[in-house]
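Novice: My questions all concern the structure below.
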Amino acid sequence: MRWPGIVAAYRDLLPAAARVVTLGEGGTPLVPSPSLERRLGRPAWLKLEGCNPTGSFKDRGMTMAVSRALEAGARGVVCASTGNTAASAAAYAARAGLPCWIVLPAGAVARGKLVQASAHGARVVAVDAGFEAALDLAREAASERHVLVNSLNPMRLEGQATVAYELCEALGRPPAVVVLPVGNGGNITACWMGFRRWRDAGRCSALPRMVGVQAEGASPLIRGAPVERPQTVASAIRIGRPASWAGAVEAAAASGGRFVAVSDDDILAAQRALAGEGVFVEPASAAAYAGAGRLDPAVLPDGDVVCVLTGHGLKDPDAVPAPSPERVAATPEAVRALMEGGGGARWP
Ligand code: AN7
């Protein structure tokens, strides 16, 4: 069956769109995590949002935001970004035939994301400031002609809510716990909205606990105060003043969930562990897995635990130690001798 993209798949739960700009986003794999199941003693799942068209969950929101912008007669779209919003906005704007303007914190965006934005023809502006200032700039520069497609645009959250619908359908009921990385707070807000919509439509009665994971050096929601100069290897969530602060707090509190902080070492170890079971994600996404590993099985509700893995590992190749292939003679004997000895390129 051909997957039509989230707008067509969940038409009954989304605002109407006359003309849909889609790249077939959503419908992403949900695969078991043997390591997390062992750790938590419950069915544990990985939602592979890195399998979206531009390699991150942002595509779910971007199909809605760009469709609506086109419909409203916009001349272009604009966003600030730690990288994935930029890549997604650039792709969907290209698809719509609209120019795309991107404001980035200089030197703070992973290589794969920058490459994507320029490949799709976006105009990229870098400022000597953090993401928060870049967002302020984009917001002020935006207008009816140049529509802001950050998650402050309500269409973004509408689209991102569809991850909740997919989880409920795939499992036949809502998960007991959903763990996801939090930067600006848009995604946890949208996901929680999605579960409540699913319940209000009479399709389930229970709701999951929402657990938001932040990096220790960029954890305003755990500290309860903005972080002036956020630091973490997970550049996607290097955000000290989340725009959707209230929505994120509400999602965790109302669902009986919480926020968890994980160190950069935890994040990189989680990235390696996931890669070891065949799933390559960027550091921000690995944070969710690291946070899930911190949950105490003794107080965890029964049922499925889902880790939302928001972005693909290829987004940020520099976060991984450079591979060092073993050099051998170009003969089958030399290669076979290595294989028999169990050698090969390893992640150090
Ligand atoms: C892989 O692209 O903020 O809490 O500008 O790229 O909704 O911000 C990205 C965020 C998690 C956090 N995982 O989601 C941007 C941007 C990945 C991300 C988040 C981001 P929010």
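The values are calculated or read from the model by the stated rules, or taken from the named source; none is laboratory data. Everything quoted here is computed from the prediction, not taken from an experiment. Positions of Cβ are backbone-derived with ideal geometry, glycine not excepted, and every protein chain shown enters the neighbour counts.
Novice: Please list, ordered by first then second residue, the pairs with beta carbon atoms under 9 Å, 6 or more apart or interchain, first in segment 327-348 and surrounded by 10 or more Cβ atoms within 10 Å (Cβ to Cβ), second of a type in the set (D, E, K, R) and at pLDDT 90 or above.
Specialist: Once the first residue is surrounded by 10 or more Cβ atoms within 10 Å (Cβ to Cβ) and sits in segment 327-348, its partners that are of a type in the set (D, E, K, R) and at pLDDT 90 or above give W347/R272.
Novice: Next question, about the same structure. Considering only residues of segment 73-107 that are aliphatic (A, V, I, L, M) and under 17 Å from the mean Cα position of the chain (by Cα), which is nearest to K315 (Cα to Cα)? Spell out the reasoning first.
Specialist: Going residue by residue through segment 73-107, those that are aliphatic (A, V, I, L, M) are 74, 77-78, 80, 86-87, 89-91, 93-94, 96, 98, 102-104, 106.
So of that shortlist, the ones also under 17 Å from the mean Cα position of the chain (by Cα) come out as 80, 86-87, 89-91.
Values: A80: 17, A86: 12, A87: 10, A89: 15, A90: 15, A91: 15 Å.
Taking the candidates together, the pick is A87.
Novice: Determine whether segment 277-285 contains at least one residue that is within 17 Å of V178 (Cα to Cα) and outside any strand (DSSP E or B). If you could, list the steps in order and put the result at the bottom.
Specialist: So the first thing to find is which residues in segment 277-285 are within 17 Å of V178 (Cα to Cα), and the list is 284-285.
Still in the list and also outside any strand (DSSP E or B): 284-285.
Within segment 277-285, one or more residues are within 17 Å of V178 (Cα to Cα) and outside any strand (DSSP E or B).
Novice: Which one of these does G50 not meet: (1) under 16 Å from K113 (Cβ atoms); (2) out of contact with any strand residue (DSSP E or B) (no Cβ under 7 Å at 6 or more places or on another chain); (3) of a type outside the set (A, V, I, L, M, F, W, C)?
Specialist: All conditions are met except number (2).
Novice: Still on this model: What's the number of the only condition in (1) surrounded by 13 or more Cβ atoms within 10 Å (Cβ to Cβ); (2) more than 26 Å from T82 (Cα to Cα); (3) at pLDDT 95 or above that T310 fails to meet?
Specialist: (2)
So that you can scan it fast, the table gives a plain yes or no per residue for (1) more than 12 Å from the ligand (Cβ to nearest atom); (2) under 15 Å from the mean Cα position of the chain (by Cα):
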site	(1), (2)
R197	yes, no
D200	yes, no
L207	yes, no
V211	yes, yes
A215	no, yes
P220	no, no
R223	yes, no
A234	no, yes
R238	no, yes
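Novice: Now for a different question. Taking segment 302-340 as the region of interest, how many residues are among the β-branched types (V, I, T), more than 30 Å from T28 (Cβ to Cβ) and assigned to a loop (DSSP other than H, G, I, E, B)?
Specialist: Quick first cut of segment 302-340, residues among the β-branched types (V, I, T) only: 305-306, 308, 310, 320, 328, 331, 335.
The next check asks that each one be more than 30 Å from T28 (Cβ to Cβ); those that pass are 328, 331, 335.
Next cut, assigned to a loop (DSSP other than H, G, I, E, B) only: 328, 331.
Result for segment 302-340: 2.
Novice: Filter segment 171-203 for residues that are crowded, with 17+ Cβ neighbours inside 10 Å, touching a Phe, Trp or Tyr at 6+ places or on another chain (Cβ under 9 Å) and part of a loop (DSSP other than H, G, I, E, B) and give the result.
Specialist: Correct list: P174, P175, V182, G183, N184, G185.
Novice: Do the conditions hold for E250, that is, is it modelled with pLDDT of 95 or more, among the acidic types (D, E) and within 15 Å of the ligand (Cβ to nearest atom)? First the steps, then the outcome.
Specialist: Values: modelled with pLDDT of 95 or more: yes; among the acidic types (D, E): yes; within 15 Å of the ligand (Cβ to nearest atom): yes.
Yes: the conditions hold for E250.
Novice: Please enumerate the residues belonging to segment 136-162 that are without any contact (Cβ under 8 Å) to a residue 60 or more places away in the chain and either outside any loop (DSSP other than H, G, I, E, B) or within 12 Å of the ligand (Cβ to nearest atom) (or both).
Specialist: Quick first cut of segment 136-162, residues without any contact (Cβ under 8 Å) to a residue 60 or more places away in the chain only: 136-137, 139-140, 143, 154.
Listed by number, the residues that qualify are D136, L137, R139, E140, P154.
Novice: Moving on. Quick one: in segment 168-194, of everything that is away from the ligand (no atom under 16 Å from the Cβ) and among the hydrophobic types (A, V, I, L, M, F, W, C), which residue is nearest to D302 (Cα to Cα)?
Specialist: At the first step, the residues of segment 168-194 found to be away from the ligand (no atom under 16 Å from the Cβ) are 168-177.
With the extra rule that they be among the hydrophobic types (A, V, I, L, M, F, W, C), the set shrinks to 168, 170-171, 176-177.
Working: C168: 16, A170: 18, L171: 14, A176: 7, V177: 9 Å.
Checking each candidate, the answer is A176.
Novice: Taking segment 259-304 as the search range and keeping residues that are of a type in the set (S, T, N, Q) and surrounded by 20 or more Cβ atoms within 10 Å (Cβ to Cβ), which one is nearest to the ligand (Cβ to nearest atom)? First the steps, then the outcome.
Specialist: Taking segment 259-304 and keeping what is of a type in the set (S, T, N, Q), we get 263, 271, 285.
Next, from what is left, pick out any that are surrounded by 20 or more Cβ atoms within 10 Å (Cβ to Cβ): 271, 285.
Working: Q271: 12, S285: 5 Å.
For segment 259-304, the residue satisfying everything is S285.
Novice: Quick one: Y165 ticks every box in (1) away from the ligand (no atom under 14 Å from the Cβ); (2) part of a loop (DSSP other than H, G, I, E, B) bar one, so which box is it?
Specialist: If we test Y165 against (1) away from the ligand (no atom under 14 Å from the Cβ); (2) part of a loop (DSSP other than H, G, I, E, B), just (2) comes out false.
Novice: Related question: Which number in (1) surrounded by fewer than 16 Cβ atoms within 10 Å (Cβ to Cβ); (2) in a helix (DSSP H, G or I) marks the one condition that G256 misses?
Specialist: (2)
Novice: Also, I was wondering about something else. Among the numbered criteria (1) in contact (Cβ under 8 Å) with a residue 40 or more places away in the chain; (2) under 19 Å from G224 (Cβ atoms), which single criterion is violated by A253?
Specialist: So the condition that A253 fails would be (1).
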